[in-house]
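Inspection log for the structure reproduced underneath, given as structure tokens.
The values are calculated or read from the model by the stated rules, or taken from the named source; none is laboratory data. Just so it is clear, the model here is predicted, and its values are computed rather than measured. Cβ placement follows ideal geometry from the backbone for every residue including glycine, while neighbour counts extend to all protein chains displayed. Each accessible area value is taken on the protein alone, full model and side chains, heavy atoms only, with ligands, DNA and RNA left out. Shrake-Rupley method; radii C 1.70, N 1.55, O 1.52, S 1.80 Å.
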Amino acid sequence: MRDITAEKQAVQSYLEALAGGSGADGIFAQDVVAEVSHPWGVRHGADAVAQVYCDLRAAMPDMEWRPEFLIGGENHPDDRAAFDRFSPLVGTWGHLQGTFTSALFGIPPTHGAVALRISQVHHLDDDGRILRSWIMPDLLDLMDQAGVWPLPPMLGAHGPWLAPKGGGGVRLGATDVDGGAASLRRVLDMHHGLNTNPTLNLATLDMEHWAENFMYYVGAGIGTCRGTSGFRAHHQLPFRSAFPDRHSRGHFVRIGDGNLALTGGRLYATHQGAYLGSGPTNRAVNIDVMDFYRFDDDGKIAENWLPIDTLGLLHQMGVDLLAHVAHKAGSFRESL
């Protein structure tokens, strides 16, 4: 039986070390594989995965890891998944905070403090090293902080995500297995209610699993929403209109820990409507997402944090936002 408490603490220690400049030794297994949001992509091997954190530290040499949400648990099954799944898993979101002194993929430095939102899931091997990872830095939010926002204004609010209300989002102690299983069960029931209503008549969406004034924090491009009306108007309607045939082929992560839970996977869709300023392309796209949840005392979803690889999605739609930002910052191509 794996000691999930020890694994949560190990992941927290590893992320602190990586933010502080540690290399791959003692942290990553040599055959580690990481799926990282655009532009890094899938990385194979310890040095290649560690390079993600090296790239970030080169931009923010004094950066530190500030977790806001960290849970661990056995990965619950998903019968839809035809890919390898790993268990147990540790999932976390937080910020890499530091002074942004050097450009990152063409995003110009501010020479001031920034907080780069980053969401991660990790699986350790039997020797306690990271063997499988999913890593999602929100570079679009960094563009916003750097004053080079490249898209139309967000429908939701921009700005930092707040940590779980009342604290307690970082659960480094023993995992609450029974409470976590109940929280995850409620999440999956909620997913079923949303996914069995594919229409654009959002008034019929099943919202019984949500608290009245729930907070919905979505990655930059969509932004933060509050309550049912914000959820429908700022996220669900634009997203469903653009990707009406969206579907999942299974979650890579399904874990619960007390009143907190986490799911994550890849959506597949055809870009059939305008989205974030880009007209329909009819291209097949995939969309990587995670969902972190906090339930209130009534068993309702009070807060939901949703990192999404919007840069990667737009890149598949033919929109290279990193090249656009680099061009605006003075690093532009002069030949085809």
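Work through the residues other than TYR275 whose Cβ is under 12 Å from its Cβ and net out their charges, Lys, Arg +1 and Asp, Glu -1. List each step's numbers first, then the result.
Values: positive: ARG240, ARG246, ARG283; negative: none.
For residues surrounding TYR275, the net value is +3.
Measure off, as a whole percent, the carbon and sulfur share of the 1.4 Å-probe accessible area of the chain, all protein chains present. Display every interim value, and only then the final one.
Working: 6980 of 14130 Å².
On the chain, the fraction of accessible area on carbon and sulfur atoms equals 49 percent.
The residues neighbouring ALA174, those whose beta-carbon lies less than 14 Å from its own, together hold a net charge of -3 under the Lys/Arg +1, Asp/Glu -1 convention. Rg and Dmax of the stretch 94-235, based on Cα coordinates, read 18.4, 51 Å. With K and R counted +1 and D and E -1, the other residues having a Cβ less than 10 Å from that of SER37 yield a net charge of -4.
The alpha-carbon of LYS165 sits under 16 angstrom from the alpha-carbons of these lysines, leaving out residues fewer than 8 places away in its chain: LYS300. Calculated accessible area for the chain comes out at 42 Å² per residue, all protein chains present (probe 1.4 Å; ligands, DNA, RNA ignored).
Summed over qualifying helices (DSSP H, 4 residues or more, each -39500 (n - 2.57)) and divided by its residue number, the chain shows a 222 nm mean residue ellipticity of -7000 deg cm²/dmol.
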